[in-house]
Every structure is written in structure tokens, then in C-alpha cells.
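Read the figures in this text as sums done on the coordinates, not as results from a lab. Keep in mind that this is a model prediction, so the values were computed, not measured. Cβ atoms come from the backbone with ideal geometry, glycine included; neighbour counts cover every protein chain shown.
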Amino acid sequence: MSQPLCLDAEIYLAVLSALPDAVVVADLGGALLFCNAAAETLLPGGIAGLGGSGDRPDYQVLDQQQWPLVPSELPLGRVLAGQHLHNEEFILAVGHPHQTHWVACSGSLSSGMALLTLRDISAAKQQEASLVQQAFYDPLTGLPNRHLFVDRLGQALACAQDNPQRVMALLVIGLERFKLINDNLGHQVGDEMLVELGTRLQAQVGPDNAVARLGGDEFAILLDNLTSYASAIALTETIHAMVQQPFGLQQVSVNASIGVAFGAKTYQSAFDWLRDADAAMDQVKDHPDRAWQVFDSSLRVQKDLRLQTEVDLRQAIDRGELRLHYQPIVTISNEEIRGFEALVRWQHPTRGLLMPGEFIDVAEASGLIIPLGWWVLTEACRQMQVWTEQYPAMAEFTVSVNMSSKQFSQQHLVEKIQKILLNTGFVANRLKIELTEGVLIDHSDSIIATLQQIRALGIKLLVDDFGTGYSSLSYLHRFPFDCLKIDRSFIENADQDFEKLEILQSVVRLAWNLGLDVVAEGVETSRHHAQLKALRCELGQGYLYSRPLAPDAVEAMMAKKAALLSDLPTVTRPA
Ligand code: C2E
Ligand code: MG
Ligand code: MG
């Protein structure tokens, strides 16, 4: 009879020994009765470290935050005290220097013995950690991502409930023209810059303040426990200066726009807080002379208005709410009209006639500038063709149309322009396209061919607002332009500001040397006119000659000219 029992015990022992989990059996005094091979490996030196008896072992049990457990918390001790453990997670720190294992521990009293099993869950924990890393951290910089950061903001707001005096500032930092760095120096340089920036930001604000990468070129910082609002602003200025320090081997520098929103009392929700800091940052982007902006509620009103404008603008084209006004461009020497610039307006159903300053930014940011731009080009060509047939005096008039960089970088641009000319019957050599310097800088490598193709159709190309960009003179000879439009700011004070006059003079001379026409924008006074005439600037545009005119005003003007039997009309100046 004893034979089978003995065999059973051997089988049990063999099975227990082969188990990957550590199995420990102790008597009610905590002395070891049995442990399998896995337990011997996992628990070098015995079970005293778990709360059993015996010598000091070669490991320590830590909680999930890596704090050593106090004796009353040790798992075997708790089982001996009658507790039932089910998959409780601990860390075993084994050896010197120690190696850590995550273990899931289960145990209970049975037949007057304490039974404990420990499963090594280190691999699963590692996998979990890497999933957390992927879900909550930015893979490039290793900083918390937007999800985690929003969570931290929420925690900070919750803590601040008990301490309403606490000053916290949320900074959202956006880099200016970061895309240019990626496009011109390559993504690797861009990436290195972002990593370096993350490190700099964290070093600047210290480990107690959370830094995150929200995405793309946007970072955020939560400044916690500030002493005053002034200290937050001082730190914001330091951070702004620090971002501007050159990066890497190439010594690339960027500018940053920083939006600040003060937290604690004002916010219930992390999302609202972040939204407001974002709105403040957008405000800085719209004002290049500013480095930072603190959110105030008027910005929220502005942001809501922008959003509403975007929603309305989406429908404006289909609903036929866009209009074109035409501002005459004249020969300065005799004030005869040579053509018009077509300028878009929006007949908003409730807000009245809106000027481009009230919606072009929104159109640019939302991409609506593309359909808007195609509508403008089509309408300008259509209207000019109608007038050409109606008024013989307009047969040579040109029309200038503004084109945004987004529209310019569209595919099949040249074919689309060609199609519009074909459909409207307007001739290419009376069409001028105005581009700003930004277009040239963003795509300097690929655009020359497109410009040449447009020009090959017979269309003239103009640089608009010349002098307001940053590489004004250097690129001119590289691009096939026909005309420079000197920005209004140079004309404005040229009669009082000698430096402005000098610049104006040299731009006119430069244009001559390059074989380009010049249009002076913003001619408002007779003095401007006289000065430009003296400089022998050929063409002018401005309120002195005429404001932009609605189509019926153009028609009235042309009808009046026709009645006076003048073939080359001049604009009647206001008294
Ligand atoms: P821009 O292309 O430089 O157009 C000239 C702007 O200067 C026009 O403003 C015109 O009304 C204004 N202006 C003309 N003469 C004078 C003057 O003597 N004094 C002053 N103070 N201003 C003068 P507007 O119509 O408000 O257009 C502003 C800007 O909006 C335009 O500047 C252009 O950049 C943009 N824009 C207008 N229409 C379009 C369009 O169809 N497409 C695109 N992409 N942009 C457009
Ligand atoms: Mg223009
Ligand atoms: Mg302009």
C-alpha cells in the first residue's frame, strides 16, 4: 500500500519542481517546509525576505513604487496572519547590484501550512511599459505626449482645488517656420533640433515642471507652484531667448511663439486650459513683433469668431457671397488707367461686406484659400472679358490677381489656369499673377519651373508687397518675374523719411537694371505721386487715384469716359 503513496509524492514533487512559478510551503511558524527549484532561483537565501523565518536573504521585496515593504506588509507574513493573496504585484530586488523582477504573488493557509506562489511577470511588465511608452510618450523626444500632458494638467487642476492661491502657468510653444528647416536642411536636422529643444526646455524648468511635445513643432510646459505671475512671465522670456539660441552643427536658429494661460481658479477642464494657451499662441503668430501673449477672455471671443468665420466661409463660395472689387493701376506720368487689381470681398449675410483682412487669414489657415483663389481667378477673367466686349477703351486693360502660396503649390496649377483662360476667353497676356515673397522662400527649388510655365503662357508675374520679405534682393535674378510691387510702407513715409526714400530709389533702380516694371502701392497723397514721378517709377496704385471699385462703379466710370469720347480714360481724383 505504501508504494503507490510514495510514487504519488514523487510525482507531486517532480511536478512542483518543474513548475515555472516559485512555490513555497511554510509551517505556521514561518519555517520553510518545501520550495521548488524556481523558488530557490528567485529567492536566494531563503524565505525570511518574504516574512518567513531564517537568515537574512539576498533579496528585498519592494512595492510598485520601489519602496521596501515594512515587515507587516511582507506577503508570507500576511498569509501567516490569515490573509488571502491573489496575484498581488511586487518587485523583488535580488543581489548586489540588484536585479529587479516583477512578481505576481498568491497565497493562503491550507491544512495548517502557508502556501505561496510567485510568478515572474517581468516580461509582461516590460511589454506593458513599452505600450505605455508608445501611448503616452513622444517617440522622438521621449517627452510626454499630448494625452499624458492633458492628464497631468487635469491632476494639477484637481490638486489646486484645495489651494486656490496656487499660481500655475501653462505655456504652449510653437516654432516659427519649422517646415522650412525640414524642407531645406532635411528631416534629420529638424528631428535633432526637436530633440535638443526638448532637452533644453526640461533643463530650463527642472524636473518638477512637466514638459511635453504636443505634436509637430509644438511643445508645452506646465509651470507649477509659481510664486507670482511676474515670475511666470520672467521664465517665459528666458525660455523664449533660450529657444532662439542656435542649434546643432549647422547653428540653425528658430523663433518661437509662446502662448501663456494661467491656471488654477479659472479652469475646470484641462482641455479648456490648453485651448486657451493655444489661442494665445495663435495670437502671437499673428503678430510677429510679439514673443509671448497671456490669454485673456477677449482672445476666446476672437477665436470663436475665427471658427465661425471658417464655418461660414466654407459655404460662402457655393452661396455666391464672394465679390471682387477692382482697384485701378495707373501710369504715374499721366494717370491713365492701365489695368486693375482684383481684390476679394465677402458679402456676409449678417456681418455685411467683409474686407480681406477679416477672413484671408482664416482662409489661409483652413485651406479654403484654394477654392477661394480659383473663384477669384475665374471671376476676374470672366468680368474682364465681359467689360472688354462692352467697353472698347478697356481692350488693353490688364487684371492682377493675388495668388496664395497654398494655391500656387497645387498640382496641375498651370493646366487649371489655362483652362480658366480658355473657358472665359480672356487673353493670357492681360493677366498678371501677384505672388508674395513667402511663396518663393517656401519652395525655392521647385517653383522656378512652374513660374516659367506660367510665363510661357504669356501671363505676367509680379512680386507683391516687395520689401516686406526677408531675402528680397537675393532671389530676384533667380526667378522669372516681370514686375515688382513696392510695398505701401516704403511709399508711406518716403516724403519725410530719408532712409525710406533711399530704399525706394534703389529698388526702382534695381528693377530697371533687372528689366522689371515697378508698381508703387499705397499712393495716397500728391506728394507721394510727385516723388514717384521724380523717381520715374512707372506705375502706381493707391487711394489718390482710386479706391477699389465695385463692378458697377467701374461700369459707371467707363460709361462716363465713353460719354466723354475718351479712348484712354483717366481716373477723376476726389477733390
Ligand atoms: P495686396 O495684394 O497688397 O492689395 C493691396 C491692398 O492695399 C488692398 O487692400 C488695397 O485696398 C489696399 N490699398 C490700395 N491702395 C491703398 C492706399 O493708398 N492706402 C492704403 N492704406 N491701402 C491701399 P485689401 O483689398 O484690403 O486687401 C488686402 C490684402 O488681402 C491684399 O493685399 C492681398 O494680400 C489680400 N487679398 C485680397 N484679395 C485677395 C485674393 O483674391 N486672393 C488672395 N490670396 N489674397 C487677397
Ligand atoms: Mg496684391
Ligand atoms: Mg500688396
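One table, with the values for the structure above:
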quantity: Candidates per chymotrypsin sites (Phe, Trp or Tyr not before Pro) in segment 308-381, loop by DSSP, up to 11 other Cβ within 10 Å; calculated: none
quantity: Among ALA129, GLY112, ASN402 - extreme Cα towards positive end, dipole of the chain, charges at beta-carbon; calculated: ASN402
quantity: Extended-chain gain in nm, criterion 0.36 nm per residue less alpha-carbon gap, GLN452 and ASP497; calculated: 12.4 nm
quantity: C-alpha long axis of helix 187-205 to longest principal axis of the chain, angle in °; calculated: 60
quantity: Square roots of 5 times each gyration tensor eigenvalue, C-alpha, segment 43-82, largest first, Å; calculated: 15, 14, 7
quantity: Pairwise Cα inverse-distance average, inverted: Kirkwood Rh of segment 9-125 (Å); calculated: 14.1
quantity: Karplus 3J(HN,Hα) series, Hz, for segment 496-508 with 6.51 cos²θ - 1.76 cosθ + 1.60 (x for Gly, Pro); calculated: 10, 9, 5, 4, 4, 4, 4, 4, 4, 4, 6, 5, 4
quantity: Options PHE247, GLY263, LEU223, ranked by Cα towards positive dipole end of segment 161-271, top entry (Cβ charges); calculated: GLY263
quantity: Nitroxide proxy distance, nm - points 7 Å out along Cα→Cβ at GLU396 and LYS265; calculated: 7.1
quantity: Computed [θ] at 222 nm, deg cm²/dmol, the chain (DSSP H ≥ 4; -39,500 (n - 2.57); rounded to nearest 500); calculated: -13500 deg cm²/dmol
quantity: Cβ-based net charge around ALA261, under 10 Å, with every Lys or Arg adding one and every Asp or Glu removing one; calculated: -3
quantity: Fewest-first ranking of THR199, THR424, using other Cβ atoms within 10 Å as the exposure measure; calculated: THR199, THR424
quantity: Under 23 Å from LYS303, Cα to Cα: lysines that are on another chain or at least 8 residues apart; calculated: LYS265, LYS285, LYS406
quantity: Translational diffusion coefficient (Stokes-Einstein; Kirkwood radius from C-alpha pairs) of segment 306-563 at 20 °C, 1.002 mPa s, in µm²/s; calculated: 113
quantity: Built amide H within the under 5 Å cut-off of GLU538, gap 5+; calculated: VAL518
quantity: ³J(HN,Hα) computed for each position of segment 19-31 - Karplus, 6.51 cos²θ - 1.76 cosθ + 1.60, integer Hz, glycine/proline x; calculated: 5, x, 7, 6, 10, 10, 10, 10, 7, 5, x, x, 7
quantity: Interchain or long-range residues, amide H under 5 Å from GLU336's placed H; calculated: THR331
quantity: Cβ-based exposure ranking for VAL301, VAL79, in which fewest neighbours within 10 Å come first; calculated: VAL301, VAL79
quantity: Additional length obtainable on full extension of the chain from TYR543 to PHE479, 0.36 nm per residue less Cα span; calculated: 20.0 nm
quantity: Distant-in-sequence amide H partners of GLU341 (H built 1.01 Å from N, under 5 Å); calculated: GLN327, ILE329, SER400
